[in-house]
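The values are calculated or read from the model by the stated rules, or taken from the named source; none is laboratory data. This is a predicted model, so every value here is computed, not measured. Heads up, the Cβs are rebuilt from the backbone with ideal geometry, glycines too, and the neighbour counts pull from every protein chain shown.
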Amino acid sequence: MDPRLLRFYNEELTYLRESAREFGEEHETVASRLGLKTPNDPDPYVERLLEGVAYLSARVQLKISDQYPEFTQHLLAAVQPHYLAPVPSICIAGFEPKDGDPLLAEGYAVPRQTELVAMTDEQGASPVTFRTGH
């Protein structure tokens with residue numbers, strides 16, 4: 001059994017008892033018929049009923065919390081389909097060729113896994129190293 005069920009059960013039971021107490025204060029006639037008038041000496045049948053409702057509510061809460069990630073994924077897929085697609089890290093690099101280089105007319109292919117070092121403007125900051133992937 002899921003250990004979160006007990007936590008949900010206790011939260012629901014606390015909420016139901018508090019709601020019953022507030023209801024009893026506002027509607028004394030109905031509360032006395034339901035056995036909610038005396039919080040120190042509650043009706044055992046009403047208590048069992050509250051516990052049963054708390055248990056069922058806790059199971060519903062557990063099911064909702066388990067399906068929440070799936071719900072958000074479906075919602076994101078509907079609203080922004082590309083958001084969930086994996087995207088590798090990307091950067092744009094600029095190359096400054098030497099003037100008069102004969103390869104400029106033909107073009108130059110940067111080999112795969114070539115290291116590119118980006119120098120930062122901050123003093124004392126270490127350079128950032130990238131590798132080409134394609």
Gly94 fails exactly one of (1) part of a loop (DSSP other than H, G, I, E, B); (2) small (Gly, Ala, Ser); (3) closer than 30 Å to Glu12 by Cα, namely (3)
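Do you know which of the residues in region 1-36 that are among the hydroxyl-bearing types (Ser, Thr, Tyr) and surrounded by 12 or more Cβ atoms within 10 Å (Cβ to Cβ) is nearest to Lys63 (Cα to Cα)?
Tyr9
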A careful count of residues in region 1-58 that are at pLDDT below 90 and hydrophobic (A, V, I, L, M, F, W, C) gives 8
Restricted to region 109-119 and to residues being under 14 Å from Gly94 (Cβ atoms) and surrounded by fewer than 10 Cβ atoms within 10 Å (Cβ to Cβ), the residue modelled with the lowest pLDDT is Met119
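Matching residues to (1) over 30 Å from Gly133 (Cα atoms); (2) touching a residue at least 40 places away in the same chain (Cβ under 8 Å); (3) not basic (Lys, Arg):
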position	(1), (2), (3)
Arg21	yes, no, no
Glu26	yes, no, yes
Gly35	yes, no, yes
Pro44	yes, no, yes
Ile64	yes, no, yes
Phe71	yes, no, yes
Ile92	no, no, yes
Ala105	no, no, yes
* Taking the stated definitions as given, is Ala54 small (Gly, Ala, Ser) and surrounded by 15 or more Cβ atoms within 10 Å (Cβ to Cβ)? -> yes
Within region 49-77, residues more than 17 Å from the chain's Cα centre (by Cα) and not hydroxyl-bearing (Ser, Thr, Tyr) come out as Leu49, Leu50, Glu51, Gly52, Val53, Ala54, Leu56, Ala58, Arg59, Val60
> Residues in region 73-96: is at least one at pLDDT 80 or above, surrounded by 10 or more Cβ atoms within 10 Å (Cβ to Cβ) and either touching a Gly at 6+ places or on another chain (Cβ under 8 Å) or of a type in the set (Phe, Trp, Tyr) (or both)?
Replying inline: yes
